[in-house]
1. Would a scan of the range 23-34 turn up a residue that is modelled with pLDDT under 90, surrounded by fewer than 16 Cβ atoms within 10 Å (Cβ to Cβ) and of a type in the set (S, T, N, Q)?
2. Filter the range 92-137 for residues that are more than 25 Å from residue 147 (Cβ to Cβ) and buried (at least 22 other Cβ atoms within 10 Å of the Cβ) and give the result.
3. Output the strands (runs of 3 or more DSSP E) that fall wholly within the range 81-189 and possess 2 or more residues being within 20 Å of the chain's Cα centre (by Cα), or say none.
4. When the range 47-65 is examined, which residues are found to be outside any helix (DSSP H, G or I) and surrounded by fewer than 24 Cβ atoms within 10 Å (Cβ to Cβ)?
5. Just one of 216, 257, 238 is surrounded by 16 or more Cβ atoms within 10 Å (Cβ to Cβ) and either under 22 Å from residue 31 (Cα atoms) or modelled with pLDDT under 80 (or both); which is it?
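The values are calculated or read from the model by the stated rules, or taken from the named source; none is laboratory data. The shown structure was predicted, so the numbers you read here are calculated from the model rather than taken from an experiment. FYI the Cβ positions are ideal-geometry reconstructions off the backbone, even for glycines, and counts take in every protein chain you see.
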Amino acid sequence: MQIFNEGRALAFIFVTTLTVLLYYLTEYAKKNDVPLRQLAAFEAISEGVGRCAELGRPLVIHCGQRNLDHPEVAVTLSALEILSYVAKLCAETGVRIIVPTMLHTAYPVQVERVREAYMEAGVPDAFNENDVRFLSPHHQVYATAVMSLFERENVGANIMVGRWSGISMAVAETSARLGIFGVGGTDQPDNMPFFIPTMDYAIIGEEMYALGAYVGKEPRDIGNIFAKDVMKLVVIGGILLGVVLALVGIPLSNVMGI
């Protein structure tokens, strides 16, 4: 019995090369200073915190709807990095930060992230654990409670990160209607139409992961972003090569032995 299919040797070599390249690029970025493009949302977050400081209003930040035991936890981890960054900015500028959440597994982590941010800013006594609020695990109940919070607390800025479902439309629209400065988005294309028209600055698709890596400064996260970007260029190059070969009458399937 033949175990190795010689007709697909080139395909095997191609996939193996990509795997090794991905690993090498990730390790390289971990050990070297890889520049990341600064996103507009990064400046917008600072603008939102500054606006709250000027108006004397609190800032609200949400970390989405995916718990830490969910398969799509990566987007929540990025949201937690953004939370830490925003909390430290608020602590340094004296802005009250309110963190409503529906994530029962992430709630203790959110509390500790905000607490650590206040400690790093040198004002641990200013931390108020009651401002990290577990509202409800039910989507509609959470949305209703947040919309009420916007009006009751006279919120100055609303930051929505992480993975969202349809309730993002109600929350983001209410934020815009009340004139609250908004920064938000998601990695899920289905919900981007809810953020783009209602937020002052939208975080689109994989920008969520890039922003988390940018503010977190973790070599592992930066390495992953760098490696994925390079791999995208490699794949695009492969697609263009396939188009050229097809134009000259050489099907890519013949070259790859498929």
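1. yes
2. The one that is more than 25 Å from residue 147 (Cβ to Cβ) and buried (at least 22 other Cβ atoms within 10 Å of the Cβ): 117.
3. Values: elements: 97-101, 132-134, 157-160, 181-186.
The qualifying strands (runs of 3 or more DSSP E) are 97-101, 157-160, 181-186.
4. Listed by number, the residues that qualify are 56, 57, 58, 65.
5. Going through 216, 257, 238 in turn, the sole match is 216.
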